[in-house]
Amino acid sequence: MSAPTVAEKSVSSRADQWSLIQPPPEGYTADDLDRMPDLPPHTELIDGSLVLVSPQKLFHMLVLKLLERELDRQVPEHLLVAREFSVKLAKRQRPEPDLLLVRTDALDEFDQTWVLPSAVRLAVEVVSPESEIRDRERKPELYARAGIPHFWRVEQDGDEAVVYVHELDPASGRYGRPSIHRGVLKTTVPVDIEIDLAGLRGR
């Protein structure tokens, strides 16, 4: 059975309005995302529910641009930096991290729309006001449960980017206490990397 259209446009005498259809009782599945023709770009699936992405702030865009460029420049050839590409974590979990480090051997089709968590070395989320709880709590929980070994959470502190670097504890299946990076992000996991976080506006 094909998945229903997600959004329908209805016109009233006052203004155009959008209304979302009711999800199935058991929630959507990860495979449903590829069958819905009218999904807005970068829609995620968390706990069987669709999550629509709000417009991003300048800070979010600049941080992603910086991290993507520096990771591209510094990571080894067997890893690919993927921006806003979804990960099929479970039947009803398909988030779309802001950035991923993915094994290149897991990317073999140009029509591919997702990767498995076993191919992911690092997931990165830049926290936005509307996604604070998801980025700080639910998504790290899901990434850790799926076995993604490294997770970075990026927060805005005034004009500064602060990066919280988490590593998976195999014994507990959770991310341990993070190392916190201001000014310069320097770490050896999942790869040797050094990124100047200062001066985002000049980049």
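The values are calculated or read from the model by the stated rules, or taken from the named source; none is laboratory data. Quick caveat: nothing in here was measured; it's all calculated off a predicted structure. With ideal geometry, Cβ positions are generated from the backbone for all residues, glycine too; neighbour counts draw on all protein chains shown.
Here Thr104 fulfils each of the conditions (1) of a type in the set (Val, Ile, Thr); (2) surrounded by 13 or more Cβ atoms within 10 Å (Cβ to Cβ); (3) within 24 Å of Arg145 (Cα to Cα); (4) at pLDDT 95 or above apart from (2).
Please work out which residue is surrounded by the most Cβ atoms within 10 Å (Cβ to Cβ), limiting yourself to the stretch 30-60 and to residues that are farther than 23 Å from Leu116 by Cα and touching a strand residue (DSSP E or B) at 6+ places or on another chain (Cβ under 9 Å).
Taking the stretch 30-60 first, the residues farther than 23 Å from Leu116 by Cα are 38, 54-60.
Remaining after also requiring touching a strand residue (DSSP E or B) at 6+ places or on another chain (Cβ under 9 Å): 38, 56-57, 59-60.
Details: Asp38: 10, Gln56: 16, Lys57: 13, Phe59: 20, His60: 17.
The qualifying residue surrounded by the most Cβ atoms within 10 Å (Cβ to Cβ) is Phe59.
Say we look at the stretch 52-76 and pick out the residues that are assigned to a loop (DSSP other than H, G, I, E, B) and at pLDDT 95 or above; which of these is nearest to the chain's Cα centre (by Cα)?
So the first thing to find is which residues in the stretch 52-76 are assigned to a loop (DSSP other than H, G, I, E, B), and the list is 52-57, 75-76.
This time we only want the ones that are at pLDDT 95 or above, so: 75-76.
Values: Val75: 19, Pro76: 21 Å.
Step by step, filter the stretch 52-76, then rank; the result is Val75.
For the stretch 169-203, the tally of residues that are in contact with a helix residue (DSSP H, G or I) (Cβ under 6 Å, 6 or more places away or on another chain), without any contact (Cβ under 8 Å) to a residue 40 or more places away in the chain and crowded, with 16+ Cβ neighbours inside 10 Å stands at 1.
Look at the stretch 111-123: where a residue is touching a residue at least 40 places away in the same chain (Cβ under 8 Å) and a partner is assigned to a loop (DSSP other than H, G, I, E, B), sitting 6+ places away or on another chain with Cβ atoms under 6 Å, you get Trp114/Lys88; Arg121/Pro190; Leu122/Pro190.
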